[in-house]
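Report on the structure given below.
The values are calculated or read from the model by the stated rules, or taken from the named source; none is laboratory data. Remember, it's a predicted structure, so these values are computed and weren't measured experimentally. With ideal geometry, Cβ positions are generated from the backbone for all residues, glycine too; neighbour counts draw on all protein chains shown. Please note that ligands, DNA and RNA were not included when accessible areas were found on the heavy atoms of the full protein model with its side chains. Shrake-Rupley method; radii C 1.70, N 1.55, O 1.52, S 1.80 Å.
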Amino acid sequence: MICIITGDIIGSRKIKDSWLVNLKAALKIVSGQSSKWEIYRGDSFQLEVEPDQAIKVAAYLKACIKINKPADVRMGIGIGMVGSKRRKLSESSGEAFINSGIAFDSLKQAKVNLAIKTDFSDFDEEINILIKLSLIAMDSWGTVAAEMVKLALENENVVQSGLAAISGRTQSSVSEALKRAHYSELMEMNELYRKKLKNLILNHGNLSG
């Protein structure tokens, strides 16, 4: 079982290419420097991550892109079994890839920038409601909020005073930025997603069925 995230950059033509540098750096970080990511058609990308990391990775990528105001990102998360793996992700196949494509294609009609698709509709419905609620906060991240979310996710074991030292900001400004970003609530949602995913796997053995 794997997770495939398919995405593209919103407003890429309206801004300088700084978003591309940030996207490449972010993809290298979340993939552990592996080759499990690909950028194609200029502003589209695909990557493979562990299923339980999907929400956190999506939030991280969104923060990295939203630093480049007014850019944003659309992402479809697909979880499932893999059919055939080839050197390029775009040439691989399987339920995870199909589900990711379906989730991504549904975004415009649903008027959201993030969605998940597995082979279990009840799970998808529940998690997508959580995602929609989280997007109320994430879609409104300003540059500073996005920077602090990015920094916090890169340094999850560092307290706010440490984040302040790294960023060169005051602890109060870091705290306020993370509060505006609803960072703690987002992390709570991520833990709930991981719990429900774990239960789904335990109940079904895998996510193909």
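Exactly one residue out of 99, 128, 68, 113 is surrounded by 15 or more Cβ atoms within 10 Å (Cβ to Cβ), at pLDDT 95 or above, farther than 21 Å from residue 185 by Cα and not hydroxyl-bearing (Ser, Thr, Tyr), and it is 99. Among the residues of region 199-207, are any in contact with a Ser or Thr (Cβ under 7 Å, 6 or more places away or on another chain), more than 20 Å from residue 67 (Cβ to Cβ) and not in a helix (DSSP H, G or I)? Yes, there is a match, as at least one residue in region 199-207 is in contact with a Ser or Thr (Cβ under 7 Å, 6 or more places away or on another chain), more than 20 Å from residue 67 (Cβ to Cβ) and not in a helix (DSSP H, G or I). Suppose the filter is among the small types (Gly, Ala, Ser) and surrounded by fewer than 19 Cβ atoms within 10 Å (Cβ to Cβ); does residue 32 pass it? Against the criterion (among the small types (Gly, Ala, Ser) and surrounded by fewer than 19 Cβ atoms within 10 Å (Cβ to Cβ)), residue 32 qualifies. A search for C-beta distances below 8 Å between a residue of region 125-143 that is of a type outside the set (D, E, K, R) and any residue that is open to solvent by 80 Å² or more (accessible area, probe 1.4 Å) and modelled with pLDDT under 95, counting only pairs 6+ apart in sequence or on different chains, returns 142/69; 143/69.
Number of residues in region 1-20 that are open to solvent by 60 Å² or more (accessible area, probe 1.4 Å) and either modelled with pLDDT of 85 or more or among the small types (Gly, Ala, Ser) (or both): the value is 1. Could you please let me know if residue 40 is aromatic (Phe, Trp, Tyr), at pLDDT 95 or above and out of contact with any Phe, Trp or Tyr (no Cβ under 6 Å at 6 or more places or on another chain)? Against the criterion (aromatic (Phe, Trp, Tyr), at pLDDT 95 or above and out of contact with any Phe, Trp or Tyr (no Cβ under 6 Å at 6 or more places or on another chain)), residue 40 does not qualify.
Scanning region 132-150 for residues that are buried (at least 20 other Cβ atoms within 10 Å of the Cβ) and not basic (Lys, Arg), we see that the one that is farthest from residue 185 (Cα to Cα) is 147. Of the residues making up region 171-191, those that are open to solvent by 70 Å² or more (accessible area, probe 1.4 Å) and either in contact with a helix residue (DSSP H, G or I) (Cβ under 6 Å, 6 or more places away or on another chain) or touching a residue at least 12 places away in the same chain (Cβ under 8 Å) (or both) are 171, 180, 182, 185.
Could you please let me know if residue 124 is over 25 Å from residue 29 (Cβ atoms), part of a helix (DSSP H, G or I) and either among the basic types (Lys, Arg) or in contact with a strand residue (DSSP E or B) (Cβ under 9 Å, 6 or more places away or on another chain) (or both)? The answer is yes for residue 124.
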